[in-house]
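The values are calculated or read from the model by the stated rules, or taken from the named source; none is laboratory data. All values reported here derive from a predicted model rather than from experimental measurement. Because the Cβ atoms are built from the backbone with ideal geometry, glycine has one as well, and the counts that use them run over all protein chains shown.
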Amino acid sequence: MEQEITIGIHHGNATFSFKTDRTGSNLKEAIKVIKEIVTSNEHLLQSLEIGKKASASRSILVHTSTSHLTLESLSLSSELKDKIVSNIRSISRLDLVIILLHHSKGLTYDNLMTLSKELGKPIIHSWLNTHFQRKERREFIRSEPIPESQEKLYSLTEPGKKEAERIIREINNKG
C-alpha cells in the first residue's frame, strides 16, 4: 500500500490540509487551490486573528501516516543509525526522542514509539505521558495540535535543534 502523507499549510490561525502520496502527485494542484482560497477569502481569514493583527506568517506541517512511518523515511543516515543501535544502552530516552525529532518534520506519540522500537529502545506511552512532559524538556520540544485529530505533533525548538546537534556529535565521537 502506498504511503499516505497529510500536508497542512498554516495561514495565521487557519490550517488547510490535503492528502498526497510519496511522489507528491497532487501537490501543485492542492497548493494552487489553497492559494486561491486564501486570496479570495483574506478578509474572513483575518477575522480569525482575534485581538491582534493578522499574521502573514505561513508554515508547512507534514504529517506522515503513523502506520507506515519507518526509519528509512527519516533523514537519518545509515552511519548514524548504526552508531545509535550499537550505543543504544547509553543513549537516554530523551536523547533518542530528540534525535528522532531532529531527523523529521515532526512526530506523534505513535511515531516516537514505533521508531524507538525499530532502533531497539522502545519508548513506552507512560514515559511519553509523564517524564516527556516535564518542564525541563519544554525548552527543547514543542507540540502542536494536528488538525482534525486528538494527536499532537512534536518538533524541536531552536534550543532543541542545538541540543540534537550536541547529542549527535557525542554519538559520532563514540565510534
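Across the stretch 15-47, which residue is surrounded by the most Cβ atoms within 10 Å (Cβ to Cβ) among those that are of a type in the set (Gly, Ala, Ser) and modelled with pLDDT of 70 or more? Write out each step before concluding.
Of the stretch 15-47, the ones of a type in the set (Gly, Ala, Ser) are 17, 24-25, 30, 40, 47.
This time we only want the ones that are modelled with pLDDT of 70 or more, so: 17, 24-25, 30, 40.
Working: SER17: 16, GLY24: 12, SER25: 11, ALA30: 18, SER40: 9.
Out of the qualifying residues, it is ALA30.
Looking only at the stretch 113-130, filter to residues that are among the hydrophobic types (A, V, I, L, M, F, W, C) and not in a helix (DSSP H, G or I); which one of those is modelled with the highest pLDDT?
Pass one, the stretch 113-130, residues among the hydrophobic types (A, V, I, L, M, F, W, C): 113, 115, 119, 123-124, 127-128.
Remaining after also requiring not in a helix (DSSP H, G or I): 123-124.
On the way: ILE123: 84, ILE124: 79.
The qualifying residue modelled with the highest pLDDT is ILE123.
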Residues being more than 12 Å from the chain's Cα centre (by Cα) and closer than 17 Å to ASP95 by Cβ: count how many of those fall in the stretch 107-122.
9
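Scan the stretch 108-116 and tell me whether some residue there is at negative phi, without any contact (Cβ under 8 Å) to a residue 60 or more places away in the chain and either out of contact with any helix residue (DSSP H, G or I) (no Cβ under 9 Å at 6 or more places or on another chain) or exposed (fewer than 13 other Cβ atoms within 10 Å of the Cβ) (or both). Spell out the reasoning first.
Of the stretch 108-116, the ones at negative phi are 108-116.
Filter once more, so that each one left must be without any contact (Cβ under 8 Å) to a residue 60 or more places away in the chain: 108-116.
Of the ones still in play, those that are also either out of contact with any helix residue (DSSP H, G or I) (no Cβ under 9 Å at 6 or more places or on another chain) or exposed (fewer than 13 other Cβ atoms within 10 Å of the Cβ) (or both) are none.
Looking for residues that are at negative phi, without any contact (Cβ under 8 Å) to a residue 60 or more places away in the chain and either out of contact with any helix residue (DSSP H, G or I) (no Cβ under 9 Å at 6 or more places or on another chain) or exposed (fewer than 13 other Cβ atoms within 10 Å of the Cβ) (or both), one finds none in the stretch 108-116, hence no.
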Check the stretch 54-67 and report whether any residue there is of a type in the set (D, E, K, R), surrounded by fewer than 16 Cβ atoms within 10 Å (Cβ to Cβ), modelled with pLDDT under 75 and in a strand (DSSP E or B).
yes
Would you please name the residue that is modelled with the highest pLDDT, looking only at residues in the stretch 138-175 that are among the aliphatic types (A, V, I, L, M) and closer than 20 Å to ASP110 by Cα?
LEU156
